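Peer 1: Sharing a structure below in structure tokens format, with a few things to ask.
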Amino acid sequence: MLADMTDSEHQTGTEQAPTVDSEQDIIDAKRQEMEDKAAPAPQEKATSVVQETLSVSYERLRHSIDSAELSDAARAQLPDSSDQSAFSRATALLEAVAGNQHTPIEDRVYLAEHMPFPNVLVKLSHDPEVEVRRAVAANVSDKNWLVGNLTKDDDARVRAAALINPQTSWKMRLEGAQSNQTDSDTLDVLGRLGVDTEADAPVVLAAMVRRAVALNPNTSQTMLRTLAQDVHGDVAKAAQEALART
């Protein structure tokens, strides 16, 4: 009987254990539920991480002396623009790469030639290397104010590239055509505006530029002879007078 009672009591105790465990499970589940509610949403976590990573990555690339790493970053394929967050991040990092003088010059030239992003091109427009600034000046994705600034560059090659860039304003083209610092090759290009090139250019503005070319002492004899036959009378007359003085 005692043995039976002991077995019964033992069995009863064993059967009650799951009840205690179940109550503890409920307590644990409630605690977990409260913690989940207090935690940031997954999207908020992701945004915070991306922002922190961008800041850290930007500073690392801006100060990096690892030319191989910088070269890889300069040539990396950009994300699809439909992924706005990733695309913005990538272009921001390109700005850091463009402004770092440890980025190989050929990679800075590559960025200057191919990138359409103003933040990157502005960085490169101040590059100490002439070839980099010249590539920026020739980039047809330039904003007109940026290429306009480069028409005033200290280097003649940069100025020339900027003056013949289609993005250059007519005001800057006229100033270039009038400048004694503009070389004859550049004047040859400016002298064809509205005639052989950019046929849809504003007639009056293009004629003003061509007339300034005819009056510029650096203009070649060949271009003067062409301008002497110009359809615009003021241009032709200025060229004819210039030829008569030679």
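Peer 1: Can you report the number of residues in segment 202-224 which are within 30 Å of the chain's Cα centre (by Cα) and either closer than 23 Å to ALA244 by Cα or aromatic (Phe, Trp, Tyr) (or both)?
Peer 2: Of the residues in segment 202-224, 0 are within 30 Å of the chain's Cα centre (by Cα) and either closer than 23 Å to ALA244 by Cα or aromatic (Phe, Trp, Tyr) (or both).
Peer 1: So which residues in segment 202-246 are out of contact with any helix residue (DSSP H, G or I) (no Cβ under 8 Å at 6 or more places or on another chain), within 26 Å of ALA138 (Cα to Cα) and part of a loop (DSSP other than H, G, I, E, B), if there are any at all?
Peer 2: Scanning segment 202-246 gives a single hit, PRO217.
Peer 1: Kindly provide the set of residues from segment 118-133 that are open to solvent by 30 Å² or more (accessible area, probe 1.4 Å) and either among the polar types (S, T, N, Q) or farther than 15 Å from THR151 by Cα (or both), ordered by number.
Peer 2: PRO118, ASN119, LYS123, PRO128, GLU129
Peer 1: Can you find a residue in segment 183-201 that is under 30 Å from PRO128 (Cα atoms), within 32 Å of the chain's Cα centre (by Cα), without any contact (Cβ under 8 Å) to a residue 40 or more places away in the chain and not in a helix (DSSP H, G or I)?
Peer 2: yes
Peer 1: Take the residues in segment 52-66 that are loosely packed, with under 12 Cβ neighbours inside 10 Å and not charged (D, E, K, R); name whichever of them is modelled with the lowest pLDDT. Write out each step before concluding.
Peer 2: So in segment 52-66, the residues loosely packed, with under 12 Cβ neighbours inside 10 Å come out as 52-53, 55-56, 59, 63, 65.
Narrowing further to those that are not charged (D, E, K, R): 53, 55-56, 63, 65.
Details: THR53: 82, SER55: 88, VAL56: 91, HIS63: 95, ILE65: 97.
Within segment 52-66, the match that is modelled with the lowest pLDDT is THR53.
So that you can scan it fast, the table gives a plain yes or no per residue for (1) exposed (fewer than 12 other Cβ atoms within 10 Å of the Cβ); (2) at pLDDT 95 or above; (3) under 19 Å from SER125 (Cα atoms):
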position: ALA68; (1), (2), (3): yes, yes, no
position: PRO79; (1), (2), (3): no, no, no
position: SER82; (1), (2), (3): yes, no, no
position: SER85; (1), (2), (3): no, no, no
position: LEU94; (1), (2), (3): no, yes, yes
position: GLY99; (1), (2), (3): no, yes, yes
position: ILE105; (1), (2), (3): no, yes, yes
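The values are calculated or read from the model by the stated rules, or taken from the named source; none is laboratory data. On a predicted model such as this, the values are computed, not experimentally measured, just so you know. Virtual Cβ from ideal backbone geometry, glycine too; neighbours counted across all protein chains shown. Accessible surface is based on the protein model in full, side chains and every heavy atom, while ligands, DNA and RNA are left aside. Shrake-Rupley method; radii C 1.70, N 1.55, O 1.52, S 1.80 Å.
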